[in-house]
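Enquirer: My questions will all concern the structure given below.
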Amino acid sequence: MGAQDFDMVASSIVTIEPGKGRAVRIRKGSVWLTQEDRNDYVLEAGQAMQLNADGKAVVSVHTPTLLELYRADPWAVRARVERDARLSQSKALWAAVRRIFFALASIGETRTGGNP
């Protein structure tokens, strides 16, 4: 499900072979994308689209561009990555709270000489 990155320089062209569930996402720059169905699309940074599974797509750029090619919907992949990041952050936050709690508890024990 991971992405294949294309760091494209100005005047680059890449042909994407057909495949079910393929999608592109533009991370930087912009592209002109033509599919075999003769439809043309201009995609800017942050935009993505599902490709037609029946034919090749040709991508051309005029400025440096970072393009990601997915075998699955990039928004679903992004949502999973963001969910995992939030889970990791909450685990880290909980661990920090526990450390603070135990540090405060040990300070309290030190002040009272270990007696409650």
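Enquirer: Could you sort 50-58, 7-15, 26-34 so that the peptide with the highest average Cβ count within 10 Å comes first and the rest follow in order?
Expert: Numbers: 50-58: 15.0, 7-15: 12.2, 26-34: 17.7.
The peptides rank, most packed first, as 26-34, 50-58, 7-15.
Enquirer: Separate question: For region 87-96, in order, what is each residue's ³J(HN,Hα) by Karplus, 6.51 cos²θ - 1.76 cosθ + 1.60 with θ = phi - 60°, in whole Hz (x at glycine and Pro)?
Expert: 4, 4, 5, 5, 5, 5, 5, 4, 5, 5
Enquirer: Additional query: Quick one: which residues, 5 or more positions from SER12 or on another chain, have an amide H under 5 Å from its amide H? H modelled 1.01 Å from N in the peptide plane, none for Pro or chain starts.
Expert: Amide H to amide H, under 5 Å and 5 or more residues apart or across chains, SER12 pairs with VAL61.
Enquirer: Take LEU66 and LEU87, extend 7 Å from each Cα along the Cα→Cβ direction, and tell me the distance between the two endpoints in nm.
Expert: My value for the distance between the label points is 2.5 nm.
Enquirer: What is the sum of charges, Lys and Arg at +1 and Asp and Glu at -1, for the other residues whose Cβ falls under 12 Å from the Cβ of THR34?
Expert: -1
Throughout, read-outs are computed from the coordinates displayed, never taken from laboratory work. All values derive from a computational prediction rather than experimental measurement. Methodologically, a virtual Cβ is constructed for each residue, glycine included, from the backbone with ideal geometry; neighbour enumeration extends over all protein chains shown.
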